[in-house]
Amino acid sequence: MFSWLKKVNSARWPRCAALVAAAGSSSRMGGINKLLEPLEGVPVLIRTLTALQMAQRVEEIIVATREEDLVEISRLCRDYGITKCTKVVRGGESRVHSVLLAALEAGEDIDLLAVQDGARPLVTPELIDRTIAAAAKCGAAAPAVPVKDTIKSVGQGNTVTQTLDRSVLRAVQTPQVFDGALLKAALQNALEHQLPITDDCSAVEQLGKAVLLVEGDEENLKITTPIDLVLAAAILKDREERT
């Protein structure tokens, strides 16, 4: 039985640590490190960390990154006042491995672990807090948005084998928040069995745990290709005009 069940009768609000996946190769960015690229004058990763810093329900932040970026990211955290960042650690050979290494560094008093893509700089503190609150009640939660495009499954020769019903499809975002013991067990299971995991919800689902999806944010895009930086900059400018 996972520890989140024990918290039902606890008066203390569950403590949450954010694990930031920032060890990717940025292979679709033309050789540049997308996390250190400026977005309206501020590095992409720092915008992500600032949202976590401002989230009321995040107690600490642990960043898993490439070995060559350890010093630079530590410096940026100091320069931008990311005081909740307690550790910047070397990532692993895969995303699953990196998140597990970060999870093992969380404090002993941490109940929930929120996994956040370093490359989602437009995530808001409100979305982070709302997802953590949902996970505190059920043990596993993530934000998601309805799929707008028609999605097709393809086979050999790139021919369509099936058109999926988009009314039941969702695009899942981060943070993905879980009971700490549950997430660690799920990641270890994925590594041991070499499961083809693309997100942390998938790892948890492999253990038979249901994941609650909460309303996401269409602006919470992931920087994957250069055009995403252009879109993110436009969204930031629009936000400024609305405030």
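Cβ separations smaller than 9 Å between residues 6+ apart or across chains give the following pairs from region 101-130 residues that are closer than 21 Å to Ala23 by Cβ and in contact (Cβ under 8 Å) with a residue 12 or more places away in the chain to residues that are part of a loop (DSSP other than H, G, I, E, B) and hydroxyl-bearing (Ser, Thr, Tyr): Ala114/Thr174; Val115/Thr174; Gln116/Thr174; Asp117/Thr174; Ala119/Ser26; Ala119/Thr224; Arg120/Thr174; Val123/Thr174.
Criterion applied to Gln173, Gln206, Gln188 was being under 14 Å from the mean Cα position of the chain (by Cα), surrounded by 13 or more Cβ atoms within 10 Å (Cβ to Cβ), modelled with pLDDT of 95 or more and not hydroxyl-bearing (Ser, Thr, Tyr), and the one residue passing it is Gln173.
I'd like to verify a number: residues in region 46-76 that are acidic (Asp, Glu) and within 27 Å of Trp13 (Cα to Cα), how many? Please lay out each step first, then the result.
Step one: list which residues in region 46-76 are acidic (Asp, Glu), which gives 59-60, 67-69, 72.
Remaining after also requiring within 27 Å of Trp13 (Cα to Cα): 59-60.
Residues that pass the stated criteria total 2.
Pro196 satisfies every condition listed in (1) without any contact (Cβ under 8 Å) to a residue 12 or more places away in the chain; (2) part of a helix (DSSP H, G or I) except (2).
Which one of these is out of contact with any helix residue (DSSP H, G or I) (no Cβ under 9 Å at 6 or more places or on another chain), under 22 Å from Asn220 (Cα atoms) and modelled with pLDDT of 95 or more: Ala114, Ala133? I'd like the intermediate steps shown before the answer.
On the way: Ala114 fails: out of contact with any helix residue (DSSP H, G or I) (no Cβ under 9 Å at 6 or more places or on another chain).
Selected residue: Ala133, the only one of Ala114, Ala133 that is out of contact with any helix residue (DSSP H, G or I) (no Cβ under 9 Å at 6 or more places or on another chain), under 22 Å from Asn220 (Cα atoms) and modelled with pLDDT of 95 or more.
If you go through region 171-187 and keep only what is under 23 Å from Leu49 (Cβ atoms), among the hydrophobic types (A, V, I, L, M, F, W, C) and either in a helix (DSSP H, G or I) or free of Cβ contacts under 8 Å to residues at least 12 places away in the same chain (or both), you end up with Leu183, Leu187.
Residue-wise test of (1) touching a Ser or Thr at 6+ places or on another chain (Cβ under 7 Å); (2) more than 16 Å from Phe178 (Cβ to Cβ).
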site: Ser74; (1), (2): no, yes
site: Cys85; (1), (2): no, yes
site: Val89; (1), (2): no, yes
site: Asp109; (1), (2): no, yes
site: Gly118; (1), (2): yes, yes
site: Ala134; (1), (2): no, no
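Within region 8-29, identify whether any single residue is closer than 22 Å to Val211 by Cβ, β-branched (Val, Ile, Thr) and at pLDDT below 95, and answer yes or no. The answer is yes; a qualifying residue exists. Being modelled with pLDDT of 95 or more and of a type in the set (D, E, K, R) is the filter here, so list the residues in region 79-94 that pass it. Scanning region 79-94 gives Asp79, Lys84, Lys87, Arg90. Evaluation of Val123 against the conditions (1) among the aliphatic types (A, V, I, L, M); (2) surrounded by 24 or more Cβ atoms within 10 Å (Cβ to Cβ); (3) assigned to a helix (DSSP H, G or I); (4) out of contact with any Leu (no Cβ under 6 Å at 6 or more places or on another chain) shows that the sole unmet condition is (3). Note on region 152-170: among residues that are within 29 Å of Val99 (Cα to Cα) and outside any strand (DSSP E or B), the one that is nearest to the chain's Cα centre (by Cα) is Leu169.
Are any of the residues in region 156-163 of a type outside the set (Val, Ile, Thr), at negative phi and in contact (Cβ under 8 Å) with a residue 24 or more places away in the chain?
No - not one qualifying residue is present in region 156-163.
The values are calculated or read from the model by the stated rules, or taken from the named source; none is laboratory data. Everything numeric in this text was worked out from a predicted model, so none of it was measured. Every residue, glycine as well, gets a Cβ built from its backbone with ideal geometry; the counts of neighbours run over all protein chains shown.
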